[in-house]
Amino acid sequence: MRKTIGVTCDDYKAKKYRKRLLEKGFEIVHDEPLLKGVNVHLFKVEVDEDDFLEMKVKLEKVLKELEIEIKNSN
């Protein structure tokens, strides 16, 4: 069975998020703005239920790294 994890970010960060999620082996099943007129982007990634906790920790680490990189680049 598969589980879905949602990830949101500001629109201007979406390209970096997409690239990093794919590099780290996440399967993106949804990739588009959250709502029209709102500057928020939504990604949904699917993981195997058996690997859920491991992948959740991995995803949290990737997201923290991204936020630090983006903060330092500004």
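The values are calculated or read from the model by the stated rules, or taken from the named source; none is laboratory data. The shown structure was predicted, so the numbers you read here are calculated from the model rather than taken from an experiment. Note: ideal-geometry Cβ built from the backbone for every residue, glycine included; neighbour counts use all protein chains shown. What goes into the accessible areas is simple: the full protein's heavy atoms, side chains included, and nothing from ligands, DNA or RNA. Shrake-Rupley method; radii C 1.70, N 1.55, O 1.52, S 1.80 Å.
Listing for the model above:
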quantity	calculated
Environment charge of residue 64, counting only residues whose C-beta is closer than 14 Å and scoring Lys/Arg +1, Asp/Glu -1	+4
Nearest-ten-degree value, helix 14-23 long axis tilted from longest Cα axis of the chain	30
Efficiency of FRET between residue 44 and residue 68 - r from beta-carbon atoms, R0 25 angstrom, step 0.05	0.60
Per residue, in Å², the accessible surface of the chain once ligands and nucleic acids are set aside, probe 1.4 Å	72
Where 63, 35 fall by accessible area, highest first, once all protein chains stay in place (1.4 Å)	35, 63
Distance violations [Cα-Cα > 26 Å] among 44/71; 36/61; 15/64; 3/71	36/61; 3/71
Nearest 10 degrees, 0 to 90: helix 52-73 Cα axis against the chain principal axis	20
Apportionment of accessible area to carbon and sulfur, the chain, percent (1.4 Å)	51
Under 9 Å, Cβ to Cβ, from residue 5 - net charge with Lys/Arg +1 and Asp/Glu -1	+2
Amide N proximity, segment 26-45 versus residue 16 label position 7 Å along Cα-to-Cβ, cut-off under 18 Å	39-43
The chain: calculated mean residue ellipticity at 222 nm from DSSP helix runs of at least 4, using -39500 (n - 2.57)	-14500 deg cm²/dmol
